[in-house]
Every structure is written in structure tokens, then in C-alpha cells.
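The values are calculated or read from the model by the stated rules, or taken from the named source; none is laboratory data. Just so it is clear, the model here is predicted, and its values are computed rather than measured. No Cβ is skipped: glycine too gets one built from the backbone with ideal geometry, and neighbour counts run over all protein chains shown.
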Amino acid sequence: MIAASAHRLRAAPVGSAVLSRGGATVWFTGLPSAGKSTLASGLAARLQVEGRQVEILDGDELRRHLTADLGFSRQDRETNVRRVGFVARLLARHGVFALVPVIAPYQASRAAVRAEHAAEGIPFVEVHVATPLSVCAARDVKGLYAKQQAGVLRGLTGVDDPYEEPQNPELRLDTTGLTVAEAVDRVYAVLVQVMARSETPDLPITDQPRDTRVESDGLEPSAVGEGVQ
């Protein structure tokens, strides 16, 4: 059973009608193996069934093709996020739903990406995939935590490199205890609310700070982790 303490979402138009009016960026931030890629894939599938144009900007692929010149210093990681944010913004500007499962560990670069979207009136949804470190380490989909413990890997976000949690994301979601479908439902609902608000700026998403915390027992084990983006 899922025990949830969730803010109330104000009623919005039917999702299919709202989402047909344009693109948006949904950024999934969180620790490696938090479930970001799994959620992005699940949301992509749901949007594609509705006939939406969707693109997943995978962090590892982007590191190979878009930001191969960057390392993993703080400055390079922030530059990486800004570049990815630029691509997402271009896609969303042309009606595509850009889904970004990229760690983006620093608040400043995430805020910059948000501000750049806001300047163009492009809907932006920040989803903090707040899976606890212990759960992420147990999943360890790519063996990153094991490599860090063995001394093979340095600079692992959340372990020996900082992760600055979002202060006010549209959605804060702990995936433990949720199936992928249940977690995707929550993301989809918030996306609809943000899209509705973008058309009616005075319409609040909630009557409380943006924070949906779910406490239970485990996202079904298809969670895909990312590297040290």
C-alpha cells in the first residue's frame, strides 16, 4: 500500500487537450540509479500513445555526441547541463516533449535552464527523483557505486561529489514502493497542470509548495541509472 502525503492538484482540462497545444521540457534530476531514465521512458511511451512528439535526451548519449569535450569538473558539469537545456528548449519550442533524465547535480545550472525556458514562455517541469542513496546504491544498475567503493571511480554524485537537491521542483518523487506506471501517472498529472498554467498564468498548480513525497516499498526493478553527468 502506498502511503502518500501529496499536495492537492487543482482540476485542469483533460490532459490530451492541454498537451496538444505545444511542447515542454520535463527534467528528471536525481542520484545515479534513482530511476530517472525509467520514468522518462515510461512517460515517453504514454505521450507517444497519445500521438505526441517525444524525444528523450539521454545523458550518456549526449556525453558521447554533444559534450564529449567536457570532463567532470563542476564547471564542465554545469556547462553540460546548459548545453542539454539548450537542446531541450529548441525541441520544446517546436512542439516536442523533451524528456531529460540527466543528474544535473548543481542548483545554479538547473535554475539557469529553468530561467531560459521561462524567458521564452516554454513550459518546464522539474522532477526530483528523490530515491534514497541507500536504495540507489543497492540498485547500482551500472556498477558505479561498487566502483566508487573499490576506489576505481571518483566523483560519484551523491557520494564523493555533491548533489544539491532542488528546493522547489514541480514534483518531488521517491520511487520506492511505486510501480513504473504509478510513478509515471504522477509525473503526467503534474505535466498537465504545468501546461494548463502556461496558458493561464494566474492558475496555480497547487495551493501548497510543490512537493509530492511518496513513502513505500520500491520502484519495480527496471530502474535505469545514469553515470556521473
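Some notes on this structure:
- Selected residue (criterion: modelled with the highest pLDDT) from residues of the stretch 1-24 that are under 20 Å from Val180 (Cα atoms) and either polar (S, T, N, Q) or part of a loop (DSSP other than H, G, I, E, B) (or both): Ser5
- One residue from Thr38, Thr79 being over 22 Å from Gly155 (Cβ atoms), among the β-branched types (Val, Ile, Thr), out of contact with any Cys (no Cβ under 6 Å at 6 or more places or on another chain) and outside any loop (DSSP other than H, G, I, E, B): Thr38
- Any hit, the stretch 148-164, residues being modelled with pLDDT of 95 or more and not in a helix (DSSP H, G or I): yes
- Selection count, the stretch 89-113, where residues are out of contact with any helix residue (DSSP H, G or I) (no Cβ under 8 Å at 6 or more places or on another chain) and either in a loop (DSSP other than H, G, I, E, B) or farther than 19 Å from Val18 by Cα (or both): 6
- Phe72 vs. criteria hydrophobic (A, V, I, L, M, F, W, C) and in contact with a Gly (Cβ under 8 Å, 6 or more places away or on another chain): yes
- When Arg64, Arg74 are screened for being over 22 Å from His128 (Cα atoms), surrounded by fewer than 18 Cβ atoms within 10 Å (Cβ to Cβ) and of a type in the set (Lys, Arg), only Arg64 passes.
- The set of residues from the stretch 119-128 being surrounded by 18 or more Cβ atoms within 10 Å (Cβ to Cβ) and either among the acidic types (Asp, Glu) or farther than 23 Å from Gln193 by Cβ (or both) comprises just one member, Glu126.
- Filter pass, Glu116 being modelled with pLDDT of 95 or more, surrounded by 15 or more Cβ atoms within 10 Å (Cβ to Cβ) and under 23 Å from Leu19 (Cβ atoms): yes
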